[in-house]
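Note sheet for the following structure.
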Amino acid sequence: MLINFNKNKKTQFLARLFSNFSTFSGKPLGIVLLAFLLSSCSEWFEPTISEICNTQPNLCLDLSLDARCRFERAEIIRLRYNHKDDTSEAYKYPLLLAFEKYLVCVEEVQHIEHIRRKGKEATRLKGVITAQRELKRLARETKASLDPYLSYYHWTRFGDEQAFNRFERYAASQRISDPSLLVALASVQVKTDAKKTVATLYRALSLYDDSDDVDLAIYHSLYTLALDSEKYRMAYVWMAVAAEYDERMNLDQASYLKENHNLPVSILDKIVDDIVTALDEGSFNANKLLLDKL
């Protein structure tokens with residue numbers, strides 16, 4: 001559920017570019033397009049991985065050089081290149097994840113081809129050693145970081161309670177803008193406090209601008225929590241909302257609730273419509289929707 005720093009926006013960018021020509025009326029199209037392209041698509045002209053390694057070999061030489069794990073290796077090289085002058089810690093979270101994926105890959109390949117191709121063993125062993133070393137170094141450097149993603153990393157990987165406390169304090173603040181952080185917090189709260197979990201998930205929903213981006217697990221968690229608490233109106237509502245976005249959702253249980261608990265279905269269906277509209281408009285607000293009354 002968590003947290004992708006490298007999500008590619010190029011597809012969305014192209015869709016915007018070719019769907020907005022009508023807004024350019026009144027200005028020379030060529031001038032507008034040139035300005036737009038210069039300001040928006042610098043990523044198109046980034047050097048290739050091969051070019052980076054030719055000009056800055058120090059970013060590449062400690063990684064395995066054979067064809068296996070090239071995508072995992074390329075992600076590390078790109079992160080190193082893009083953040084080589086970055087003095088902040090934020091990029092170290094995706095770099096840690098990239099090294100974890102790379103380590104899994106090179107260890108697997110090394111095991112599979114240990115006998116078949118001994119000549120490649122040395123370079124893959126170098127990749128394993130590098131990944132292990134860098135993971136230890138990055139973990140050591142970020143152990144006390146206030147960055148919420150790095151705090152989350154140290155909590156989930158090492159059971160670091162101080163890191164979790166830092167993460168929880170940040171998640172409780174009004175500065176938070178990433179709903180996936182709140183989903184992660186809810187995954188801990190659900191073990192001890194159902195009411196607080198619901199509030200956290202409602203807050204996560206309020207941070208989404210597009211219902212297509214919502215983590216479907218939120219809807220399923222909300223109706224499960226409601227069932228566990230015997231709040232059948234709430235359960236019915238969130239089952240119906242889940243069905244709007246998840247084609248795998250089976251509404252047999254919602255029908256059972258309706259028939260066996262005398263639910264005011266017409267009222268609840270109106271609430272479902274209001275929730276769906278709010279989610280689609282990116283304006284979900286549990287208080288305005290009076291969801292505490294369910």
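The values are calculated or read from the model by the stated rules, or taken from the named source; none is laboratory data. Model, not experiment: these values are computed from the prediction. For neighbour counting, all protein chains shown are included, and Cβ atoms are generated from backbone atoms with ideal geometry for every residue, glycine included.
Select from segment 240-264 the residues that are free of Cβ contacts under 8 Å to residues at least 12 places away in the same chain and of a type in the set (D, E) and write down the one among them that is farthest from D215 (Cα to Cα).
This residue is E259.
Which is under 28 Å from A243 (Cβ atoms), part of a helix (DSSP H, G or I) and not assigned by TED's automatic domain parsing to the domain that holds L96, of Y149, Y202, Y208?
Y202
Need the failing condition index for K143 against (1) at pLDDT 95 or above; (2) among the charged types (D, E, K, R); (3) surrounded by 13 or more Cβ atoms within 10 Å (Cβ to Cβ); (4) assigned to a helix (DSSP H, G or I), just the number.
Only one criterion in (1) at pLDDT 95 or above; (2) among the charged types (D, E, K, R); (3) surrounded by 13 or more Cβ atoms within 10 Å (Cβ to Cβ); (4) assigned to a helix (DSSP H, G or I) is unmet by K143, namely (4).
Could you please find all residues in segment 146-162 being more than 20 Å from the chain's Cα centre (by Cα) and within 29 Å of E107 (Cα to Cα)?
Listed by number, the residues that qualify are F158, G159, D160.
When you go through L222, L251, L257 one by one, which is the residue that is assigned by TED's automatic domain parsing to the domain that holds L181, farther than 30 Å from S173 by Cβ, in contact with a Leu (Cβ under 7 Å, 6 or more places away or on another chain) and of a type in the set (A, V, I, L, M, F, W, C)?
Selected residue: L257, the only one of L222, L251, L257 that is assigned by TED's automatic domain parsing to the domain that holds L181, farther than 30 Å from S173 by Cβ, in contact with a Leu (Cβ under 7 Å, 6 or more places away or on another chain) and of a type in the set (A, V, I, L, M, F, W, C).
Could you check how many residues of segment 194-205 are surrounded by fewer than 18 Cβ atoms within 10 Å (Cβ to Cβ) and touching a helix residue (DSSP H, G or I) at 6+ places or on another chain (Cβ under 8 Å)?
Within segment 194-205, residues that are surrounded by fewer than 18 Cβ atoms within 10 Å (Cβ to Cβ) and touching a helix residue (DSSP H, G or I) at 6+ places or on another chain (Cβ under 8 Å) number 2.
Restricting to segment 83-96, give me the number of residues that are assigned to a helix (DSSP H, G or I) and free of Cβ contacts under 8 Å to residues at least 12 places away in the same chain.
Residues that pass the stated criteria total 0.
Cβ-Cβ distance below 7 Å, separation of 6 or more or different chains: which pairs start in segment 265-292 with a residue that is under 18 Å from L251 (Cα atoms) and in the same structural domain as L207 (by TED's automatic domain parsing) and end on one that is surrounded by 16 or more Cβ atoms within 10 Å (Cβ to Cβ) and of a type in the set (S, T, Y)?
Here the result reads L268/Y236, each pair linking segment 265-292 to a residue that is surrounded by 16 or more Cβ atoms within 10 Å (Cβ to Cβ) and of a type in the set (S, T, Y).
Anything in segment 211-243 that is among the charged types (D, E, K, R), closer than 23 Å to I176 by Cα and in a helix (DSSP H, G or I)? List them, or say none.
D212, D213 - these are the residues of segment 211-243 that are among the charged types (D, E, K, R), closer than 23 Å to I176 by Cα and in a helix (DSSP H, G or I).
May I ask you to list the residues in segment 163-193 that are outside any helix (DSSP H, G or I) and either over 15 Å from the mean Cα position of the chain (by Cα) or surrounded by 15 or more Cβ atoms within 10 Å (Cβ to Cβ) (or both)?
Selection gives S173, Q174, R175, I176, D178, V190, K191, T192, D193.
Any idea which of (1) touching a Lys or Arg at 6+ places or on another chain (Cβ under 9 Å); (2) surrounded by fewer than 21 Cβ atoms within 10 Å (Cβ to Cβ) is the one S151 doesn't satisfy?
All conditions are met except number (2).
Quick check: is even one residue across segment 49-72 surrounded by fewer than 19 Cβ atoms within 10 Å (Cβ to Cβ), at pLDDT below 85 and in a helix (DSSP H, G or I)?
no
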